[in-house]
Ligand code: CMP
């Protein structure tokens, strides 16, 4: 079992896409183990996107992700990280296939609806940045 961190960005929340996005992962067969609607501080945004610090669009990225509420989630399932990336579609919506979240709902690379961890290391780091262990549930006792 693998866990991944996914986040509906401010544009997705504003466009009322939380339910649509959650439904896609539920129907795929993944389990939601944590979720919250929250505002991101500038500090958290800079930590989360630390690897992009030198990019020319870093300031824009931080301004955008702190511009309104996001819906942060942790999902669990077999190959959850890679499968979620596939379901999200390419980062730049001009390359994301129809049927993917970005392919269906996003038109620009800055406002691309959803973020998802790109590796097991990123998933651990991002889950730790956004969630306390006690905010995540454990279903194993029910199965
Ligand atoms: P995300 O998966 O959240 O991780 C980094 C983000 O940087 C990416 O999604 C894009 O939204 C954003 N990004 C990448 N390239 C650009 C760009 N040229 N201009 C603005 N934002 C960008």
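The values are calculated or read from the model by the stated rules, or taken from the named source; none is laboratory data. For clarity, every value in this text was computed on a predicted model and none was experimentally measured. Cβ coordinates were reconstructed from backbone atoms using ideal geometry, including for glycine residues, and neighbour counts include every protein chain displayed.
Computed quantities for the displayed model
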| item | result |
| --- | --- |
| Criterion (within 22 Å of residue 106 (Cα to Cα), part of a helix (DSSP H, G or I) and within 11 Å of the ligand (Cβ to nearest atom)) met by exactly one of 61, 6 | 61 |
| Candidates 139, 49 - the one that is surrounded by fewer than 19 Cβ atoms within 10 Å (Cβ to Cβ) and within 10 Å of the ligand (Cβ to nearest atom) | 49 |
| Region 111-136, residues that are surrounded by 15 or more Cβ atoms within 10 Å (Cβ to Cβ), within 16 Å of the ligand (Cβ to nearest atom) and in a loop (DSSP other than H, G, I, E, B) | 111, 112, 113, 117, 118 |
| Count of residues meeting criterion [near the ligand (Cβ under 10 Å from one of its atoms) and either in contact with a helix residue (DSSP H, G or I) (Cβ under 9 Å, 6 or more places away or on another chain) or at pLDDT below 95 (or both)] in region 74-89 | 1 |
| Test: residue in region 30-41 that is more than 14 Å from residue 116 (Cα to Cα) and within 14 Å of the ligand (Cβ to nearest atom) | yes |
| Residue within region 66-73 that is within 11 Å of the ligand (Cβ to nearest atom) and under 19 Å from residue 111 (Cβ atoms) present | yes |
| Single condition residue 16 does not satisfy, out of (1) more than 16 Å from the ligand (Cβ to nearest atom); (2) in a loop (DSSP other than H, G, I, E, B); (3) farther than 19 Å from residue 108 by Cβ | (3) |
| Test for residue 26: is it more than 12 Å from the ligand (Cβ to nearest atom), over 16 Å from residue 9 (Cβ atoms) and in a helix (DSSP H, G or I) | yes |
| Residue in region 14-26 that is more than 22 Å from residue 133 (Cβ to Cβ) and crowded, with 20+ Cβ neighbours inside 10 Å present | yes |
| Residue match in region 87-103 (condition: in contact with a strand residue (DSSP E or B) (Cβ under 6 Å, 6 or more places away or on another chain), assigned to a strand (DSSP E or B) and farther than 13 Å from residue 11 by Cα) | no |
| Failed item, numbered, when residue 112 is tested on (1) touching a residue at least 40 places away in the same chain (Cβ under 8 Å); (2) closer than 18 Å to residue 3 by Cα | (2) |
